[in-house]
Amino acid sequence: MATTIGEEFLEPTRIYVKPVRALLEQYGKKGVIHGLAHITGEGLSGNVPRVLPAGRKAVLKKDSWPVPPIFTWLQKQGNIDEEEMFTVFNMGIGFTLIVDSKAADKIRQCLVEEHSVPTYVIGDVKKGKPSVAWK
């Protein structure tokens, strides 16, 4: 870690209101944004299914984004298994957007260039019971 543990824990939370509102203004009426989820307690597994329609599940790929070192440290110090880490913590993903694949690159470009929000394609939506499956 580049900072102390105390500094890491005191790092302010990223606020997503402005970039999300801008996206909704630009893309909301185009029908390409299908879901938004703020990833808080319960991690991705607990928050993403809440915005999925019936008959759809999210299939997420764990190694598709860089997990901040603080989570690796917490896992090691607490002797916490990986499944529990991904259930309890956001593992570096604070907000998810479920968007049409045809608009994903433009939406990502907008977030990065106009709002300095790093983005990652972390999975796909498939048929299935609303849930998160990991690959």
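The values are calculated or read from the model by the stated rules, or taken from the named source; none is laboratory data. None of the values given here were measured: they were computed from a predicted structure. Here Cβ is always computed from backbone atoms with ideal geometry, including for glycine, and neighbour counts include all displayed protein chains.
Quick notes
- Of all residues in the stretch 107-135, those satisfying the criterion of being in contact (Cβ under 8 Å) with a residue 12 or more places away in the chain and charged (D, E, K, R) are Arg108, Glu114, Asp124, Lys126, Lys127, Lys129, Lys135.
- For the stretch 1-42, filtered to residues that are surrounded by 11 or more Cβ atoms within 10 Å (Cβ to Cβ) and more than 20 Å from the chain's Cα centre (by Cα), the residue that is modelled with the lowest pLDDT is Met1.
- Screening the stretch 5-24 for residues that are basic (Lys, Arg) and out of contact with any helix residue (DSSP H, G or I) (no Cβ under 9 Å at 6 or more places or on another chain) and picking the one that is nearest to Leu111 (Cα to Cα) gives Arg21.
- Of all residue pairs spaced 6 or more apart or on separate chains, those with beta-carbon atoms under 7 Å, a first member in the stretch 27-47 that is closer than 13 Å to Phe95 by Cα and a second member that is in a helix (DSSP H, G or I) and basic (Lys, Arg) are Ala37/Arg50.
- Count of the stretch 56-84 residues, restricted to those that are surrounded by 15 or more Cβ atoms within 10 Å (Cβ to Cβ), among the hydrophobic types (A, V, I, L, M, F, W, C) and in contact (Cβ under 8 Å) with a residue 24 or more places away in the chain, is 6.
- Qualifying residue in the stretch 51-66 (condition: under 19 Å from Tyr120 (Cα atoms), small (Gly, Ala, Ser), assigned to a helix (DSSP H, G or I) and at pLDDT below 95): no
- Screening Val20 with (1) free of Cβ contacts under 8 Å to residues at least 60 places away in the same chain; (2) in contact with a strand residue (DSSP E or B) (Cβ under 7 Å, 6 or more places away or on another chain) gives one miss only, at (1).
- Residue within the stretch 97-114 that is on the phi > 0 side of the Ramachandran plot, at pLDDT 95 or above and not in a helix (DSSP H, G or I) present: no
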